[in-house]
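The values are calculated or read from the model by the stated rules, or taken from the named source; none is laboratory data. Small disclaimer: the values here were computed from a predicted structure and weren't measured. In this analysis, Cβ positions are derived from the backbone assuming ideal geometry, glycine residues included, and neighbour counts consider all displayed protein chains. SASA here: full protein model, heavy atoms, side chains in, ligands and nucleic acids out. Shrake-Rupley method; radii C 1.70, N 1.55, O 1.52, S 1.80 Å.
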Amino acid sequence: MCQPVRESLSKAEVEALFVQVTTALCVTTILDGVDRLPEGYRIRSHDFYSPLPNIEIESTHDRAQALDRISLSVARLGATVRFRRELATQARDCKFIVPTSIGKVTVVGICTGGRTVRARGENACQAYQKLNRKMTELSPRRA
């Protein structure tokens, strides 16, 4: 018996799933848009500091599978937002460099006090975690 062919999720459905997951996980992000790609979707967002890494998901006909993919990506995004908030607390006059993917590496950075500190990781979450450690090591020790 043939299964009926369903179209993949629409941009509106992907956007609704993103909003649903960010709300459920209490991740403070602002949705900038959803772009249709040949192989899926790109979700663009930002927090209070600058653009966040894009979330890219493959096209799927299965809503539950799309929800799982978006949930995992938003969880990483939530950790990224938390690391950035911690960094902004350490360096009040900071500006974040927009995360950049170079091959399989993501580069992030922060400009503060006349210097720029960068870190690399397999994804933005790992890179911000490393950046957070670097900034902690560079900050003056409290007595």
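Ranked by accessible surface with a 1.4 Å probe, highest first, in what order do Ser50, Ser101 come? Don't jump to the answer; show the numbers that get you there.
On the way: Ser50 15, Ser101 90 Å².
Correct descending sequence by accessible area is Ser101, Ser50.
Which GluC sites (Glu not before Pro) from the range 25-123 combine a DSSP loop assignment with at most 12 other Cβ atoms within 10 Å?
Values: sites: Glu39, Glu56, Glu58, Glu86, Glu122; in loops: Glu39, Glu122.
Answer by residue number: Glu39, Glu122.
May I ask you to give the solvent-accessible area per residue for the chain, in square angstrom, as obtained with a 1.4 angstrom probe? Walk me through the intermediate numbers first.
Values: 8980 Å² over 143 residues.
In whole numbers, the chain has 63 Å² accessible per residue.
Under 10 Å, Cα contacts only: if you run a Gaussian network model on the chain, which one of Ala127, Ala79, Ala64 comes out with the highest mean-square fluctuation?
Most flexible of the set in this elastic network: Ala64.
Taking the Cα centre of the chain as origin and charging only Cβ (+1 Lys, Arg; -1 Asp, Glu), how large is the dipole, in debye to the nearest 20?
Details: 22 positive and 15 negative charges, 189 e Å.
With Lys and Arg at +1 and Asp and Glu at -1, about 920 debye.
Tell me what the chain gives for mean residue ellipticity at 222 nm when only DSSP H runs of n ≥ 4 count, each as -39,500 (n - 2.57), the sum divided by the residue total, rounded to 500 deg cm²/dmol.
Mean residue ellipticity at 222 nm (helix-derived): -13500 deg cm²/dmol.
Could you size up the charge dipole of the range 6-72 around its Cα centre, putting +1 on the beta carbon of Lys and Arg and -1 on that of Asp and Glu, and report it in debye to the nearest 20?
80 debye
Which residue fluctuates the most in the chain, going by a Gaussian network model with Cα springs under 10 Å, if the choices are Gly40, Gly78, Gly113?
Gly113
Can you give the log10 of the normalised intensity I(q)/I(0) at q = 0.11, 0.16, 0.19 Å⁻¹, computed with Debye over equal Cα scatterers of the chain?
-0.46, -0.84, -1.09
Accessible surface of Cys125 in the full protein assembly, 1.4 angstrom probe, to the nearest 10 Å²?
So the heavy atoms of Cys125 present about 30 Å² to solvent.
So how tilted is helix 124-138 from the main axis of the chain? Cα-based, degrees 0 to 90, rounded to 10.
That helix lies at roughly 10 degrees to the long axis.
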